[in-house]
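Asks: So that we are looking at the same thing, I have put the structure below in structure tokens.
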Amino acid sequence: MSIRVLLVDDEPLARQRLARLLVEHDNYQIVAEAGNGQAALDWLRQHKADLVLLDIQMPGLTGLEVAEQLMALLPATAARPAIIFCTAYDEYALDAFKVEAVDYLLKPIRKDDLSKALQKAQRWIEQQPDAEQTTAIENCARTHISARTHQGLQLIPITEIYSFQADQKYITVKYETTDAASGESSNGEVLIDEPLKMLEDEFEQHFVRIHRNALVAKDKIDRLETVDSSIHILYLKGVAEGMSVSRRHLPGVRKLMRGL
């Protein structure tokens, strides 16, 4: 089970420390970071997190206000993310549990304390009703993929992505990007570490699997060429290089193309 984590803290160093501590927990994946409460809520309106590590004292909305608004955003029957408050102040503990936080950690966060809090969070997540959790995921389908680059966190619109290609533990996301100044389009790529199967399930309306290690955007398919009886190459609009279609997935690709 991969647990999707959102880090929310106005101090970059605090987020970096939490990220380092989470590295030791293989099943926890940081999917995004936010530097204030409003940014966190905006992200959560479009994406799904299983766990939110949330500071309390931040510019604008406090962590407590974020938690209150998050509870209001979701139906009472919907699965909710676990919340762990991470703060330098101990006077908010009672208020934290009023908004159903699973734990309350004081900075500097200690490794053992975080491990215990994560165990509580996992129990919370596992107790969420499966059917309701599925509904919540569908209703909160992501519109962007987040990737960490040397420039920071980059958000890539799903509509601009050509393909997801797996290579061991990483996924290469290939996408179209437009220069704001010139208006010219070019192709870009970033690496993410989300499982290909998870991406396939989440974005099945937009992408089709053509190989055990590749998904392509349905609306960017251009043509399918047969090199010989066993080699089939799929070309996408605006991409010169073709992609191999496996024999197993060829019938599904042909059926899809007949309906396009």
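Asks: Which of the residues that make up the stretch 208-231 are more than 14 Å from Met243 (Cα to Cα) and either touching a Ser or Thr at 6+ places or on another chain (Cβ under 7 Å) or at pLDDT 90 or above (or both)?
Replies: Selection gives Asp219 alone.
Asks: Against the condition surrounded by 17 or more Cβ atoms within 10 Å (Cβ to Cβ) and touching a Leu at 6+ places or on another chain (Cβ under 7 Å), how does Ile192 come out, does it pass?
Replies: When the stated conditions are applied, Ile192 does not pass them.
Asks: Given the criterion exposed (fewer than 14 other Cβ atoms within 10 Å of the Cβ), in contact with a Leu (Cβ under 8 Å, 6 or more places away or on another chain) and at negative phi, identify the matching residue among Leu18, Leu73, Leu6, Leu61.
Replies: Answer to the selection: Leu73.
Asks: Here is a follow-up. So, in the stretch 107-117, exactly how many residues are in contact with a strand residue (DSSP E or B) (Cβ under 7 Å, 6 or more places away or on another chain) and not basic (Lys, Arg)?
Replies: Going through the stretch 107-117 one residue at a time, the tally reaches 4.
Asks: How many of the residues in the stretch 70-114 are modelled with pLDDT under 85 and polar (S, T, N, Q)?
Replies: The total comes to 1.
Asks: Further question on the same structure: Would you pick out the residues in the stretch 157-189 that are assigned to a strand (DSSP E or B) and surrounded by fewer than 17 Cβ atoms within 10 Å (Cβ to Cβ)?
Replies: Pro157, Asp167, Tyr170, Thr172, Thr177, Thr178, Ser185, Ser186, Asn187, Gly188, Glu189
Asks: Limited to the stretch 226-255, what total is found for residues that are surrounded by 12 or more Cβ atoms within 10 Å (Cβ to Cβ) and more than 28 Å from the chain's Cα centre (by Cα)?
Replies: Residues flagged as surrounded by 12 or more Cβ atoms within 10 Å (Cβ to Cβ) and more than 28 Å from the chain's Cα centre (by Cα) within the stretch 226-255 amount to 4.
Asks: Something else about it: Those residues that are farther than 18 Å from Ser246 by Cβ and either among the basic types (Lys, Arg) or free of Cβ contacts under 8 Å to residues at least 40 places away in the same chain (or both), I need them from the stretch 176-203; list them, please.
Replies: Residues satisfying the conditions are Thr177, Thr178, Asp179, Ala180, Ala181, Ser182, Gly183, Glu184, Ser186, Gly188, Glu189, Asp201.
Asks: Looking at (1) within 19 Å of the chain's Cα centre (by Cα); (2) of a type in the set (Asp, Glu); (3) under 24 Å from Pro195 (Cβ atoms); (4) surrounded by fewer than 17 Cβ atoms within 10 Å (Cβ to Cβ), which is the one condition that is false for Asp42?
Replies: (3)
Asks: Identify the residue in the stretch 13-27 that is part of a loop (DSSP other than H, G, I, E, B) and touching a residue at least 24 places away in the same chain (Cβ under 8 Å) and, among all such residues, is nearest to the chain's Cα centre (by Cα).
Replies: Once the filter is applied, the top-ranked residue is Asn27.
Asks: Next up: Under 7 Å between Cβ atoms, which residue pairs at least 6 apart in sequence (or on different chains) link something in the stretch 28-55 that is under 20 Å from Leu106 (Cα atoms) with a partner that is aromatic (Phe, Trp, Tyr)?
Replies: Ala34/Trp43; Leu54/Phe85
Asks: Could you figure out which of (1) among the polar types (S, T, N, Q); (2) in a strand (DSSP E or B); (3) surrounded by fewer than 17 Cβ atoms within 10 Å (Cβ to Cβ) isn't true of Gln205?
Replies: Tallying (1) among the polar types (S, T, N, Q); (2) in a strand (DSSP E or B); (3) surrounded by fewer than 17 Cβ atoms within 10 Å (Cβ to Cβ), Gln205 fails exactly one: (2).
Asks: State the number of residues belonging to the stretch 50-64 that are under 10 Å from Gly37 (Cα atoms) and touching a helix residue (DSSP H, G or I) at 6+ places or on another chain (Cβ under 6 Å).
Replies: 7
Asks: In addition: What's the number of the only condition in (1) part of a loop (DSSP other than H, G, I, E, B); (2) in contact with an Asp or Glu (Cβ under 7 Å, 6 or more places away or on another chain); (3) more than 18 Å from Ala19 (Cβ to Cβ) that Leu64 fails to meet?
Replies: (1)
Asks: From Val239, Val208, Val216, Val173, which residue is of a type in the set (A, V, I, L, M, F, W, C) and either more than 30 Å from Asp26 (Cα to Cα) or touching a residue at least 60 places away in the same chain (Cβ under 8 Å) (or both)?
Replies: Testing whether each residue is of a type in the set (A, V, I, L, M, F, W, C) and either more than 30 Å from Asp26 (Cα to Cα) or touching a residue at least 60 places away in the same chain (Cβ under 8 Å) (or both) leaves just Val239.
The values are calculated or read from the model by the stated rules, or taken from the named source; none is laboratory data. Bear in mind the structure is a predicted one, so any value in this text is a computation, not a measurement. Glycine also receives a Cβ, built like all others from the backbone with ideal geometry; neighbour counts cover every protein chain displayed.
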